[in-house]
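Q: Take a look at this one; I'll ask things after.
The values are calculated or read from the model by the stated rules, or taken from the named source; none is laboratory data. What you see is a predicted model, and the numbers here were worked out from it, not measured in a lab. Cβ placement follows ideal geometry from the backbone for every residue including glycine, while neighbour counts extend to all protein chains displayed. Surface accessibility is based on the protein's heavy atoms, side chains included, excluding ligands, DNA and RNA. Shrake-Rupley method; radii C 1.70, N 1.55, O 1.52, S 1.80 Å.
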Amino acid sequence: MDISVIVPLYNEAESLPELESWIARVMQENSFTYEILFINDGSTDSSWQVIKELSLKNPAVKGVCFRRNYGKSPALNTGFERAKGDVVITMDADLQDSPDEIPELYRMITQEGYDLVSGWKRKRYDPLSKTIPTKLFNATARKVSGIHNLHDFNCGLKAYRNNVVKHIEVYGDMHRYIPFLAKNAGFGRIGEKVVHHQARKYGKTKFGLDRFVNGYLDLATLWFTNKFGIKPMHFFGLLGSLMFILGFIAVIIVGATKLYHMHAGHPYILVTDSPYFYLSLVLMILGTQLFLAGFIGELIVRNAPGRNHYEIEEELKIQ
(Lines give C-alpha, C1' and ligand atoms only; values in the text may rest on other atoms or scores of the structure.)
Protein backbone atom coordinates (compact mmCIF):
# COMPACT_ATOMS: atom_id res chain seq x y z
CA MET A 1 0.00 0.00 0.00
CA ASP A 2 1.33 3.43 -0.93
CA ILE A 3 -0.29 5.80 1.56
CA SER A 4 -2.10 5.74 4.89
CA VAL A 5 -3.95 8.95 5.72
CA ILE A 6 -4.61 9.38 9.45
CA VAL A 7 -7.29 11.87 10.44
CA PRO A 8 -7.85 12.45 14.18
CA LEU A 9 -11.16 14.18 14.81
CA TYR A 10 -13.50 15.48 17.46
CA ASN A 11 -17.00 16.66 16.52
CA GLU A 12 -16.30 17.18 12.79
CA ALA A 13 -19.35 15.41 11.29
CA GLU A 14 -20.05 18.22 8.81
CA SER A 15 -16.62 18.22 7.22
CA LEU A 16 -15.97 14.46 6.97
CA PRO A 17 -17.87 13.68 3.71
CA GLU A 18 -16.15 16.53 1.87
CA LEU A 19 -12.75 15.57 3.26
CA GLU A 20 -13.14 11.89 2.32
CA SER A 21 -14.28 12.80 -1.20
CA TRP A 22 -11.35 15.18 -1.62
CA ILE A 23 -8.77 12.62 -0.43
CA ALA A 24 -10.27 9.88 -2.63
CA ARG A 25 -10.16 12.14 -5.71
CA VAL A 26 -6.49 13.00 -5.13
CA MET A 27 -5.59 9.33 -4.66
CA GLN A 28 -7.40 8.24 -7.81
CA GLU A 29 -5.87 11.01 -9.92
CA ASN A 30 -2.38 9.87 -8.85
CA SER A 31 -3.12 6.11 -8.94
CA PHE A 32 -2.17 5.65 -5.29
CA THR A 33 -3.24 2.64 -3.27
CA TYR A 34 -4.38 4.01 0.05
CA GLU A 35 -6.36 3.79 3.25
CA ILE A 36 -8.02 6.53 5.30
CA LEU A 37 -7.97 6.02 9.06
CA PHE A 38 -10.50 8.22 10.85
CA ILE A 39 -9.75 8.23 14.59
CA ASN A 40 -12.89 9.46 16.35
CA ASP A 41 -11.71 10.95 19.64
CA GLY A 42 -14.92 10.53 21.61
CA SER A 43 -17.06 12.87 19.51
CA THR A 44 -20.47 13.78 20.91
CA ASP A 45 -22.00 14.56 17.51
CA SER A 46 -22.74 12.15 14.64
CA SER A 47 -19.11 11.84 13.50
CA TRP A 48 -18.90 8.09 14.07
CA GLN A 49 -22.12 7.43 12.19
CA VAL A 50 -20.81 9.48 9.27
CA ILE A 51 -17.56 7.46 9.27
CA LYS A 52 -19.48 4.18 9.16
CA GLU A 53 -21.55 5.43 6.23
CA LEU A 54 -18.40 6.52 4.37
CA SER A 55 -16.81 3.11 4.93
CA LEU A 56 -19.78 1.45 3.23
CA LYS A 57 -19.25 3.58 0.12
CA ASN A 58 -15.44 3.46 0.13
CA PRO A 59 -13.65 0.28 1.33
CA ALA A 60 -10.48 2.33 1.88
CA VAL A 61 -12.15 4.13 4.78
CA LYS A 62 -11.41 2.64 8.20
CA GLY A 63 -12.21 3.97 11.62
CA VAL A 64 -11.52 3.75 15.33
CA CYS A 65 -13.94 5.19 17.89
CA PHE A 66 -12.71 6.06 21.38
CA ARG A 67 -15.15 5.61 24.24
CA ARG A 68 -14.36 9.13 25.45
CA ASN A 69 -12.23 12.11 24.49
CA TYR A 70 -8.53 11.37 25.10
CA GLY A 71 -6.81 14.01 22.98
CA LYS A 72 -5.01 14.33 19.67
CA SER A 73 -1.82 12.51 20.71
CA PRO A 74 -3.55 9.24 21.69
CA ALA A 75 -5.58 9.44 18.47
CA LEU A 76 -2.45 9.82 16.36
CA ASN A 77 -0.63 7.06 18.21
CA THR A 78 -3.58 4.71 17.61
CA GLY A 79 -3.49 5.57 13.91
CA PHE A 80 0.28 5.04 13.75
CA GLU A 81 -0.11 1.55 15.21
CA ARG A 82 -2.61 0.59 12.49
CA ALA A 83 -1.07 2.36 9.48
CA LYS A 84 0.02 -0.01 6.68
CA GLY A 85 1.06 2.44 3.96
CA ASP A 86 4.68 2.98 2.96
CA VAL A 87 4.08 6.69 3.60
CA VAL A 88 1.88 7.93 6.42
CA ILE A 89 0.11 11.28 6.07
CA THR A 90 -1.56 13.03 8.99
CA MET A 91 -4.04 15.86 8.59
CA ASP A 92 -6.75 17.57 10.59
CA ALA A 93 -10.41 16.94 9.86
CA ASP A 94 -11.51 20.59 9.73
CA LEU A 95 -10.62 21.07 6.01
CA GLN A 96 -7.90 23.59 6.88
CA ASP A 97 -5.34 21.09 5.54
CA SER A 98 -5.49 20.49 1.79
CA PRO A 99 -5.31 16.89 0.49
CA ASP A 100 -3.90 18.35 -2.74
CA GLU A 101 -0.54 18.51 -0.89
CA ILE A 102 -0.39 14.71 -0.56
CA PRO A 103 1.35 13.87 -3.89
CA GLU A 104 4.25 16.25 -3.26
CA LEU A 105 4.62 15.09 0.35
CA TYR A 106 4.70 11.50 -0.91
CA ARG A 107 7.35 12.39 -3.47
CA MET A 108 9.56 14.09 -0.88
CA ILE A 109 9.49 10.98 1.30
CA THR A 110 9.96 8.39 -1.43
CA GLN A 111 12.29 10.25 -3.82
CA GLU A 112 14.15 12.84 -1.77
CA GLY A 113 14.83 10.48 1.10
CA TYR A 114 13.23 12.37 3.98
CA ASP A 115 12.12 10.48 7.07
CA LEU A 116 9.58 13.15 7.94
CA VAL A 117 8.23 16.19 6.13
CA SER A 118 6.33 18.81 8.12
CA GLY A 119 3.95 21.31 6.61
CA TRP A 120 4.47 25.04 7.07
CA LYS A 121 1.40 27.24 6.87
CA ARG A 122 3.30 30.38 5.95
CA LYS A 123 0.08 32.31 5.28
CA ARG A 124 -2.45 31.59 8.00
CA TYR A 125 -6.11 32.49 8.31
CA ASP A 126 -5.98 32.83 12.08
CA PRO A 127 -6.39 35.84 14.40
CA LEU A 128 -3.31 37.59 15.83
CA SER A 129 -4.16 36.16 19.26
CA LYS A 130 -3.24 32.79 17.80
CA THR A 131 -0.51 33.58 15.26
CA ILE A 132 1.77 35.62 17.55
CA PRO A 133 1.92 33.00 20.37
CA THR A 134 2.42 30.35 17.66
CA LYS A 135 5.51 32.15 16.34
CA LEU A 136 6.98 32.46 19.84
CA PHE A 137 6.21 28.82 20.52
CA ASN A 138 7.87 27.64 17.31
CA ALA A 139 10.95 29.78 17.92
CA THR A 140 11.38 28.17 21.34
CA ALA A 141 10.80 24.68 19.94
CA ARG A 142 13.47 25.23 17.26
CA LYS A 143 15.98 26.37 19.85
CA VAL A 144 15.37 23.53 22.29
CA SER A 145 15.01 20.72 19.74
CA GLY A 146 17.88 21.78 17.50
CA ILE A 147 15.65 21.34 14.41
CA HIS A 148 16.26 24.80 12.98
CA ASN A 149 14.69 24.26 9.54
CA LEU A 150 11.11 23.86 10.80
CA HIS A 151 8.85 26.88 11.11
CA ASP A 152 5.63 25.17 12.23
CA PHE A 153 6.05 22.23 14.61
CA ASN A 154 2.33 22.03 15.33
CA CYS A 155 1.11 21.82 11.72
CA GLY A 156 -1.25 18.84 11.48
CA LEU A 157 -0.25 18.11 7.88
CA LYS A 158 2.84 15.90 7.98
CA ALA A 159 4.26 12.96 6.04
CA TYR A 160 6.32 10.11 7.51
CA ARG A 161 8.14 7.08 6.33
CA ASN A 162 6.25 4.12 7.83
CA ASN A 163 9.31 3.04 9.78
CA VAL A 164 9.27 6.35 11.65
CA VAL A 165 5.75 6.07 13.06
CA LYS A 166 6.44 2.51 14.21
CA HIS A 167 9.39 3.65 16.31
CA ILE A 168 7.94 6.65 18.13
CA GLU A 169 5.31 6.83 20.86
CA VAL A 170 3.04 9.87 20.92
CA TYR A 171 1.42 10.40 24.33
CA GLY A 172 -0.03 13.21 26.44
CA ASP A 173 0.14 16.30 24.23
CA MET A 174 3.40 15.35 22.51
CA HIS A 175 1.86 15.54 19.02
CA ARG A 176 3.26 19.08 18.89
CA TYR A 177 6.77 17.66 19.04
CA ILE A 178 6.64 14.65 16.73
CA PRO A 179 9.67 15.96 14.74
CA PHE A 180 11.60 16.15 18.04
CA LEU A 181 10.48 12.63 18.96
CA ALA A 182 11.55 11.37 15.53
CA LYS A 183 14.93 13.04 15.85
CA ASN A 184 15.46 11.48 19.29
CA ALA A 185 14.60 8.08 17.79
CA GLY A 186 17.38 8.49 15.22
CA PHE A 187 15.38 9.76 12.25
CA GLY A 188 17.23 12.96 11.47
CA ARG A 189 16.27 13.55 7.82
CA ILE A 190 13.52 16.06 8.54
CA GLY A 191 12.23 18.42 5.88
CA GLU A 192 9.59 21.07 5.46
CA LYS A 193 7.09 22.03 2.78
CA VAL A 194 5.07 25.21 2.50
CA VAL A 195 1.41 24.16 2.44
CA HIS A 196 -1.84 25.95 1.79
CA HIS A 197 -3.86 26.91 4.85
CA GLN A 198 -7.60 27.26 4.39
CA ALA A 199 -10.07 29.08 6.58
CA ARG A 200 -12.24 26.83 8.75
CA LYS A 201 -15.44 26.00 6.89
CA TYR A 202 -17.47 24.21 9.56
CA GLY A 203 -17.67 24.30 13.35
CA LYS A 204 -15.14 26.00 15.60
CA THR A 205 -11.62 25.37 16.82
CA LYS A 206 -11.16 22.82 19.62
CA PHE A 207 -8.01 24.44 21.03
CA GLY A 208 -7.63 27.37 23.41
CA LEU A 209 -4.73 29.50 24.59
CA ASP A 210 -3.98 26.98 27.34
CA ARG A 211 -2.29 24.80 24.71
CA PHE A 212 0.62 27.27 24.57
CA VAL A 213 1.23 26.98 28.32
CA ASN A 214 0.94 23.20 28.18
CA GLY A 215 3.13 23.17 25.08
CA TYR A 216 6.03 24.83 26.85
CA LEU A 217 5.71 22.45 29.80
CA ASP A 218 5.68 19.46 27.45
CA LEU A 219 8.73 20.82 25.63
CA ALA A 220 10.62 21.15 28.93
CA THR A 221 9.63 17.57 29.83
CA LEU A 222 10.74 16.22 26.46
CA TRP A 223 14.06 18.07 26.61
CA PHE A 224 14.77 16.86 30.15
CA THR A 225 13.84 13.22 29.52
CA ASN A 226 15.86 13.19 26.31
CA LYS A 227 18.94 14.66 27.96
CA PHE A 228 18.79 13.06 31.42
CA GLY A 229 16.17 10.30 31.11
CA ILE A 230 18.73 7.48 31.25
CA LYS A 231 21.25 9.31 33.45
CA PRO A 232 19.32 11.23 36.13
CA MET A 233 22.34 11.37 38.45
CA HIS A 234 24.08 13.64 35.95
CA PHE A 235 21.46 16.29 36.69
CA PHE A 236 20.23 15.71 40.24
CA GLY A 237 23.58 14.47 41.53
CA LEU A 238 25.53 17.41 40.12
CA LEU A 239 23.00 20.01 41.28
CA GLY A 240 22.68 18.37 44.71
CA SER A 241 26.45 18.16 45.17
CA LEU A 242 26.90 21.84 44.28
CA MET A 243 24.17 22.91 46.73
CA PHE A 244 25.60 20.74 49.52
CA ILE A 245 29.13 22.06 48.98
CA LEU A 246 27.93 25.68 48.96
CA GLY A 247 25.95 25.09 52.16
CA PHE A 248 28.89 23.36 53.83
CA ILE A 249 31.27 26.19 52.92
CA ALA A 250 28.74 28.73 54.20
CA VAL A 251 28.48 26.89 57.55
CA ILE A 252 32.26 26.93 57.90
CA ILE A 253 32.35 30.66 57.11
CA VAL A 254 29.66 31.36 59.75
CA GLY A 255 31.55 29.33 62.37
CA ALA A 256 34.94 30.80 61.44
CA THR A 257 33.52 34.32 61.64
CA LYS A 258 32.34 33.71 65.20
CA LEU A 259 35.70 32.24 66.26
CA TYR A 260 37.52 35.21 64.76
CA HIS A 261 35.40 37.73 66.68
CA MET A 262 35.81 35.71 69.90
CA HIS A 263 39.61 35.63 69.49
CA ALA A 264 39.77 39.34 68.68
CA GLY A 265 37.52 40.24 71.61
CA HIS A 266 34.83 41.72 69.39
CA PRO A 267 31.12 41.41 70.12
CA TYR A 268 29.65 38.30 68.49
CA ILE A 269 26.36 36.46 68.23
CA LEU A 270 25.60 32.80 68.61
CA VAL A 271 25.82 30.74 65.45
CA THR A 272 22.21 29.72 65.89
CA ASP A 273 21.18 33.39 65.95
CA SER A 274 22.58 33.97 62.46
CA PRO A 275 20.10 33.61 59.56
CA TYR A 276 23.00 32.53 57.34
CA PHE A 277 23.43 29.42 59.47
CA TYR A 278 19.88 28.27 58.69
CA LEU A 279 20.21 29.16 55.01
CA SER A 280 23.35 27.01 54.92
CA LEU A 281 21.52 24.12 56.53
CA VAL A 282 18.68 24.43 54.02
CA LEU A 283 21.19 24.29 51.15
CA MET A 284 22.83 21.19 52.61
CA ILE A 285 19.48 19.44 53.17
CA LEU A 286 18.21 20.29 49.69
CA GLY A 287 21.51 19.19 48.18
CA THR A 288 21.29 15.85 49.99
CA GLN A 289 17.70 15.33 48.84
CA LEU A 290 18.56 16.12 45.21
CA PHE A 291 21.53 13.75 45.33
CA LEU A 292 19.33 11.00 46.74
CA ALA A 293 16.71 11.71 44.06
CA GLY A 294 19.37 11.18 41.42
CA PHE A 295 20.55 7.99 43.12
CA ILE A 296 17.01 6.60 43.27
CA GLY A 297 16.49 7.59 39.63
CA GLU A 298 19.63 5.65 38.68
CA LEU A 299 18.33 2.57 40.51
CA ILE A 300 15.02 2.82 38.64
CA VAL A 301 16.74 3.24 35.28
CA ARG A 302 19.16 0.39 36.02
CA ASN A 303 16.23 -1.97 36.61
CA ALA A 304 14.11 -0.75 33.67
CA PRO A 305 13.42 -3.57 31.16
CA GLY A 306 14.43 -1.46 28.16
CA ARG A 307 17.63 0.00 29.59
CA ASN A 308 19.82 -1.68 26.95
CA HIS A 309 17.43 -1.47 24.02
CA TYR A 310 18.96 0.42 21.11
CA GLU A 311 17.52 1.06 17.66
CA ILE A 312 19.71 -0.73 15.08
CA GLU A 313 19.31 0.36 11.48
CA GLU A 314 21.61 -2.20 9.84
CA GLU A 315 23.96 -4.98 10.88
CA LEU A 316 26.66 -6.82 9.01
CA LYS A 317 27.49 -10.33 10.19
CA ILE A 318 30.65 -12.22 9.38
CA GLN A 319 29.88 -15.68 8.07
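Q: Rounded to a whole number, what % of the accessible area of the range 218-270 do carbon and sulfur atoms account for, probe 1.4 Å?
A: 77 percent
Q: Along its principal axes, what span do the Cα atoms of the range 18-72 show, with the longest given first and each in whole Å?
A: 36, 21, 16
Q: Where in the range 156-173 is the amide nitrogen less than 17 Å from a point lying 7 Å along the Cα-to-Cβ axis of residue 213?
A: 173
Q: Toward the positive end of the charge dipole of the chain, about the Cα centre and with charges on Cβ (Lys, Arg +1; Asp, Glu -1), which of 275, 15, 256 goes farthest?
A: 256
Q: What share of the DSSP beta bridges in the chain is antiparallel, in percent to the nearest 5?
A: Once the DSSP bridges in the chain are tallied, antiparallel ones form about 30 percent.
Q: I need the Debye-formula profile for the chain: one equal scatterer per C-alpha, no solvent, reported as log10 I(q)/I(0) at q = 0.07, 0.09, 0.10, 0.13 1/Å, two decimals.
A: Those come out to -0.41, -0.59, -0.68, -0.98, one per q.
Q: With a Förster radius of 51 Å, plug the Cβ-Cβ distance of residue 53 and residue 110 into 1/(1 + (r/R0)^6) and report the FRET value to the nearest 0.05.
A: After rounding to 0.05, the efficiency reads 0.95.
Q: How much of the pair distance distribution for the range 45-121 lies past 14 Å, counting alpha-carbon pairs only, in percent?
A: Working: 2102 of 2926 pairs.
Tail of the P(r) past 14 Å holds 72 percent of the pairs.
Q: When the helices in the chain are scored as -39500 (n - 2.57) per DSSP H run of 4 or longer and the sum is shared across all residues, what 222 nm value do you end up with, to the nearest 500 deg cm²/dmol?
A: Calculated mean residue ellipticity at 222 nm is -15000 deg cm²/dmol.
Q: What base-10 log of the normalised intensity I(q)/I(0) is obtained for the range 1-141 from the Debye formula, alpha carbons as equal point scatterers, at q = 0.18, 0.19 Å⁻¹?
A: At q = 0.18, 0.19 Å⁻¹ the computed log10 ratios are -1.11, -1.21.
Q: Taking the Cβ-Cβ separation of residue 296 and residue 201 as r and a Förster radius of 45 Å, what is the calculated FRET efficiency to the nearest 0.05?
A: In this case the efficiency is close to 0.30.
Q: To the nearest 0.05, what FRET efficiency results for residue 69 and residue 18 with a Förster distance of 22 Å applied to their C-beta separation?
A: 0.45
Q: What is the Cα centroid distance between the range 236-267 and the range 1-31, reported in whole angstrom?
A: So the separation of the two Cα centres works out to 69 Å.
Q: Follow-up question, since we're still on this one. Testing the spin-label approximation: label points 7 Å from Cα along Cα→Cβ at residue 2 and residue 264. State their distance in nm.
A: Using points 7 Å along Cα→Cβ, the separation is 8.7 nm.
Q: Rounded to the nearest 5, what % of the DSSP beta bridges within the range 84-196 are antiparallel ones?
A: Of the beta bridges lying entirely in the range 84-196, close to 60 percent run antiparallel.
Q: While we're looking at this one, here's another question. Any chance you could give the angle, 0 to 90 degrees and rounded to 10, that helix 128-145 forms with the longest Cα principal axis of the chain?
A: It is inclined by approximately 60 degrees.
Q: For the range 1-83, what is the accessible area per residue in Å² when the probe is 1.4 Å?
A: So the range 1-83 comes to 45 Å² accessible per residue, rounded to a whole number.
Q: Can you pull the percent of the range 1-152's accessible area that's carbon plus sulfur, 1.4 Å probe, other chains left in place?
A: Here it works out to 50 percent.
Q: Could you state the angle between the C-alpha long axis of helix 238-264 and the longest principal axis of the C-alpha atoms of the chain, as a value from 0 to 90 degrees rounded to the nearest 10?
A: Rounded to the nearest ten degrees, it is 20.
Q: Using a 7 Å offset from Cα along Cα-Cβ at residue 122, what residues in the range 145-185 end up with backbone N under 11 Å from the label point?
A: none
Q: On average, how much accessible surface per residue is there in the range 219-274, in Å², for a 1.4 Å probe, leaving out ligands, DNA and RNA?
A: Value for the range 219-274: 68 Å² per residue.
Q: Which distance in nm do the two modelled labels at residue 185 and residue 140 give, with both placed 7 Å along the Cα-to-Cβ direction?
A: 2.5 nm
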